[in-house]
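For reference, the structure discussed in these notes is given below.
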Protein chains: 2
Amino acid sequence: MAPSYKVTYFDLNALGEPIRVLLSYGSLEFEDVRIKYKDWPDLKPKTPYGQLPILECDGKVAHQHIAICRYLAKKVKLTGKDDWEDLTIDATVETVNDLRIMVAQFYYEHDGTLRKKLQETLMNETIPYYIGKLEARAKENGGYLALPKLTWADVYFTSLIDYINVLVDKDIIAKAPNLQAVKNKVWSVPNIKKWMDKRPQTFKLADFPPPPK
Amino acid sequence: MAPSYKVTYFDLNALGEPIRVLLSYGSLEFEDVRIKYKDWPDLKPKTPYGQLPILECDGKVAHQHIAICRYLAKKVKLTGKDDWEDLTIDATVETVNDLRIMVAQFYYEHDGTLRKKLQETLMNETIPYYIGKLEARAKENGGYLALPKLTWADVYFTSLIDYINVLVDKDIIAKAPNLQAVKNKVWSVPNIKKWMDKRPQTFKLADFPPPPK
């Protein structure tokens, strides 16, 4: 019998989404548990490190979203053909996550003055630098991010970019045709398209804690 | 012919050290390039994302320290026996890195008031929480961190803990006998001991940018 997966996250795309998309890509059935903020304080101490998402499988619990994605990428065969290819994928994923962390640091900063400073650096320096580099890689790879073929780095990027765009209130790949190509290629995979069409529409800014005024 | 490795980092342990220790563990010869701060502005734009460490191998360049460690862990056989074990190792490594990031955020904060606030949260909440959890895991695993056997998570933890201790100016595992056991086990592996004995002694606080007054 195939293992039964359970993904627990908030009712958001964000860090839970690459996990859900990878499972969908491989037609691996999963229970899509979405925690309400009011229920989080009770659940938090029961998670491995007080964080979501977690993945449960055959009674075992896994945490850390990138680690979970890598595990699932092996199951659904979106990894590289050798260790160096996997290193390239891993480094790409960590780089996208670095960008995500810097965006979140700005978004969740509650000191108005500091937030403005973080925003300036982010919009004028960090994002142009990262998007420029990633766009060049995607061009080199013919519309794929890590290697010249579909890997879980493409799924990871595509699953996170909408979340990043919402946080910075701008489409940061609007002028990056090759990164748009990555997103379009991922979205047009039939199993992923099917998931995108049926997934809960939760991508509302109202779901996030309000930024400081 | 065995591949020729070149590790480029600053003249510090920090993020370069788990890479050097993994190479040493597997008796993989490597060139240990240590960049002076004055030479960094020239080198920075030549690196993949303006960051060190990087690993060069047969003319190819890899970045992102955890991705590099995982690659080397496969070469030196410090990975798990199956995908779930590797997931457990990966999640442990990411958790140790999360702690490292929070410590660095405090250390490199230049606003005095904010720094004090970060320090209080770190010392009174974050570190006790993380060290408590990791200590419990190390106890469960008989003095190993991720699994009940030596893996690259142990090497990663041991290579980073001294750096973390320097940044917070305290031995945060002083009251965690099982985490001390992890460190002792790693250090007593003959190839690692040999490296520790011969490595440059660079662990001086003076090597870091001074904290704000």
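Could you list B:Thr8, B:Thr88 in order of exposure, starting from the residue whose Cβ has the fewest other Cβ atoms within 10 Å?
Details: B:Thr8 19, B:Thr88 24.
By the 10 Å Cβ count, ascending, the order reads B:Thr8, B:Thr88.
Just need the relative contact order of the range A:97-174 here, percent rounded to a whole number, with Cα pairs under 8 Å and 6+ apart.
Working: 43 pairs, mean separation 22.7, N = 78.
RCO, the range A:97-174: 29 percent.
B:Lys81 label point (Cα plus 7 Å toward Cβ) to equivalent points in the other copies: 3.2 nm, shortest first.
Per residue, the convex hull spanned by the alpha carbons of the range A:83-188 comes to 88 Å³. Rounded to the nearest 20, the Cβ-based charge dipole of the protein assembly as shown about its Cα centre (Lys and Arg +1, Asp and Glu -1) stands at 20 debye.
Between identical copies, the spacing of A:Asp39 label points, each set 7 Å from Cα toward the C-beta atom, reads 5.7 nm from nearest to farthest. Residues considered: B:Leu99, B:Leu43, B:Leu23. Largest GNM mean-square fluctuation over chain B, using C-alpha springs under 10 Å, is found at B:Leu43. Here the range A:172-191 and the range B:15-60 have alpha carbon centers that stand 33 Å from each other. Overall, the anisotropy analysis places chain B in the oblate class: the square-rooted eigenvalues a ≥ b ≥ c of its C-alpha gyration tensor yield a/c not less than 1.5, with a/b not exceeding b/c.
Here the protein assembly as shown yields Rg over Rh of 0.94, to two decimals, using C-alpha coordinates and the Kirkwood radius. Between identical copies, the spacing of B:Pro148 label points, each set 7 Å from Cα toward the C-beta atom, reads 4.8 nm from nearest to farthest.
Could you tell me which of A:Gly80, A:Phe10, A:Gln119 has its Cα farthest along the dipole of the range A:1-132 towards the positive end, charges placed at Cβ (Lys, Arg +1; Asp, Glu -1), taken about the Cα centre? Positive-end residue among those listed: A:Phe10.
Explain nothing, just the number: dipole magnitude of the range A:7-63 about its Cα centre with +1 on each Lys and Arg Cβ and -1 on each Asp and Glu Cβ, in debye rounded to the nearest 20.
The dipole magnitude comes to about 240 debye.
One Cα centroid belongs to the range A:71-87, the other to the range B:84-116; the line between them spans 26 Å. The mean sequence distance of close C-alpha pairs (under 8 Å, at least 6 residues apart), as a share of the length of chain A, puts its relative contact order at 24 percent.
Could you point to the residue in B:Leu134, B:Val166, B:Asn184 farthest towards the positive end of the range B:125-197's charge dipole, with +1 and -1 charges on the Cβ of Lys/Arg and Asp/Glu respectively? Looking along the dipole axis, the top candidate is B:Asn184. When A:His65, B:His110 are arranged by Cβ crowding within 10 Å, least crowded first, meaning fewest neighbours, the order is B:His110, A:His65. Applying a DSSP loop filter and a limit of 16 other Cβ atoms within 10 Å to the trypsin sites (Lys or Arg not before Pro) in the range B:108-193 leaves B:Lys170, B:Lys175. Of the trypsin sites (Lys or Arg not before Pro) found in the range A:1-53, the ones in coil according to DSSP and having at most 11 other Cβ atoms within 10 Å of their Cβ are A:Lys36.
Pop out the Kirkwood hydrodynamic radius of the range A:65-107 from its pairwise C-alpha distances, inverse of mean 1/r, in Å to one decimal.
Values: mean 1/r = 0.0886 Å⁻¹.
Across the range A:65-107, the inverse of the average 1/r is 11.3 Å.
Between A:Gln51 and A:Glu120, the FRET efficiency estimated from the beta carbon spacing at R0 = 35 angstrom works out to 0.75.
How about the range B:1-77: which GluC sites (Glu not before Pro) there are in a DSSP loop, with at most 16 other Cβ atoms within 10 Å of their Cβ? Write out the running numbers ahead of the final one.
On the way: sites: B:Glu29, B:Glu31, B:Glu56; in loops: B:Glu29.
Those satisfying the criteria are B:Glu29.
Computed about its Cα centre, the charge dipole of the range B:73-213 is approximately 580 debye, with only Lys, Arg, Asp and Glu carrying charge at their Cβ.
Read the figures in this text as sums done on the coordinates, not as results from a lab. Since this is a predicted model, take the numbers as computed values, not measurements. Ideal geometry is used to build each Cβ from the backbone, glycine not excepted, and the neighbour counts take in all protein chains shown.
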